[in-house]
Amino acid sequence: MASEGGTTAVVTALFGNLGIAVTKFVAFLLTASSSMLAESLHSVADTGNQVLLLIGGKRAKRAATREHPFGFGRARYVYGFIVAVVLFTLGGLFALYEAWHKWAEPEPITSWRWVPIAVLLVAIALEGYSLRTAVRESDKVRGNRSWPEFVRTTKSPELAVVLLEDFGALLGLLFALAGVSLTLVTGDGRWDAAGSAVIGLLLVVIAVVLAVEMNSLLVGESVSPRNRRAIEAALPGGHIESIIHMRTLHLGPEEVLVAAKVAFRAGASAEEVATAIDDAERRIREAVPIATVIYLEPDLRRPAPEPAGTEPPAAP
């Protein structure tokens, strides 16, 4: 299941980012590097985000109540949106502020010159491992979708968040490595500030992408085209002739509501209608196991009304 893979990716990223954050912050204290401070805050934000995702996953498992009859599955989307806000403010905006401050008052790295390079190389290796885990877990459910399409269409917020965060973290580390290296070579602290600025812009872009995707999931998305086709194929059968219209909605990543008006054969008894609906629900759940809530309304298919002004056929 996507939720299980998402939890594995989140836990891996959590421990990786926690260790990276401590190491980067120690390097900042030794060198006063702007890029190292921006990367430290980036890793702190990422660590907090993993905790938020785990909290969201736990809260989503609460049983349905009278006030929330469809359960709490969307809590995972709510916490995913909070992650985007944290990444935008604590990560992106702070990095941009630090870049502006260091650009106005550039400071070369004069002590412990080798520390930031070593820390960044270790962080790149750890982030690469975290990204590898996220990619491996995503591949189990990605199918033939491209990576941008997967991030845009996946219903599992954890996988989308970890993929984007780890990818952004790797790019940010490369930018920080470039900024620190150029500062060490030239003695000009503005290269360090420029690295921090690029990191900030990168985090802002990732945060906006995440916010847009989480907003779409919060508003409510239908099932994937593949699952919709499976439901449409499973519904007709027995006394059910066809689907008049159907609506689907994700109540959570692994919970789907299916509501449909279906056409019955004329003359079916109440008992036959009830049996046909039970059989249709069973077929739907076999075809799409995440279809947890199903409402079917029986009806008769009626001929479409003739357009206004159409003359009736002449009597023979």
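The values are calculated or read from the model by the stated rules, or taken from the named source; none is laboratory data. Computed from a predicted model, the values in this text were never measured in an experiment. Virtual Cβ from ideal backbone geometry, glycine too; neighbours counted across all protein chains shown.
Numbers below:
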| read-out | value |
| --- | --- |
| Failed condition for PHE70, given (1) of a type outside the set (Ser, Thr, Tyr); (2) surrounded by fewer than 18 Cβ atoms within 10 Å (Cβ to Cβ); (3) part of a helix (DSSP H, G or I) | (3) |
| Those strands (runs of 3 or more DSSP E) lying entirely in the range 230-305 with at least 2 residues touching a Pro at 6+ places or on another chain (Cβ under 8 Å) | 240-252, 255-264 |
| Which numbered condition GLY92 misses (of (1) closer than 25 Å to LEU182 by Cβ; (2) surrounded by fewer than 24 Cβ atoms within 10 Å (Cβ to Cβ)) | (2) |
| Selected residue (only one of GLU165, GLU241, GLU149 is outside the structural domain of SER33 (by TED's automatic domain parsing), at pLDDT below 90 and charged (D, E, K, R)) | GLU241 |
| Lone qualifier among ALA104, ALA125, ALA118 - being surrounded by fewer than 16 Cβ atoms within 10 Å (Cβ to Cβ), more than 19 Å from THR23 (Cβ to Cβ) and out of contact with any Ser or Thr (no Cβ under 8 Å at 6 or more places or on another chain) | ALA104 |
| Qualifying position, being of a type outside the set (Phe, Trp, Tyr), within 19 Å of LEU159 (Cα to Cα) and surrounded by fewer than 24 Cβ atoms within 10 Å (Cβ to Cβ), among VAL86, VAL26 | VAL86 |
| Pair list, Cβ under 9 Å, 6 or more apart: the range 263-276 residue among the hydroxyl-bearing types (Ser, Thr, Tyr), other residue at pLDDT below 90 | THR275/GLY238; THR275/HIS239 |
| Filter result for the condition that a residue is buried (at least 21 other Cβ atoms within 10 Å of the Cβ), closer than 30 Å to ALA60 by Cβ and basic (Lys, Arg), over LYS140, LYS155 | LYS155 |
| Index of the failed condition, LEU184 passing every other in (1) touching a residue at least 60 places away in the same chain (Cβ under 8 Å); (2) part of a helix (DSSP H, G or I); (3) within 26 Å of the chain's Cα centre (by Cα) | (3) |
| All positions within the range 163-213 that are surrounded by fewer than 24 Cβ atoms within 10 Å (Cβ to Cβ) and among the hydroxyl-bearing types (Ser, Thr, Tyr) | SER181, THR186 |
| Positions within the range 32-61 being in a loop (DSSP other than H, G, I, E, B) and either surrounded by 22 or more Cβ atoms within 10 Å (Cβ to Cβ) or in contact with a helix residue (DSSP H, G or I) (Cβ under 8 Å, 6 or more places away or on another chain) (or both), in sequence order | SER33 |
| Residue within the range 188-201 that is under 30 Å from ARG247 (Cα atoms) and assigned to a helix (DSSP H, G or I) present | no |
| ALA268 small (Gly, Ala, Ser) and at pLDDT 90 or above | no |
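Rundown of residues vs (1) farther than 28 Å from LYS155 by Cβ; (2) modelled with pLDDT of 90 or more, yes/no style:
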| site | (1), (2) |
| --- | --- |
| GLY220 | no, no |
| GLY237 | no, no |
| THR248 | no, yes |
| LEU251 | no, yes |
| ILE290 | no, yes |
| ILE294 | no, yes |
| PRO305 | yes, no |
| ALA315 | yes, no |
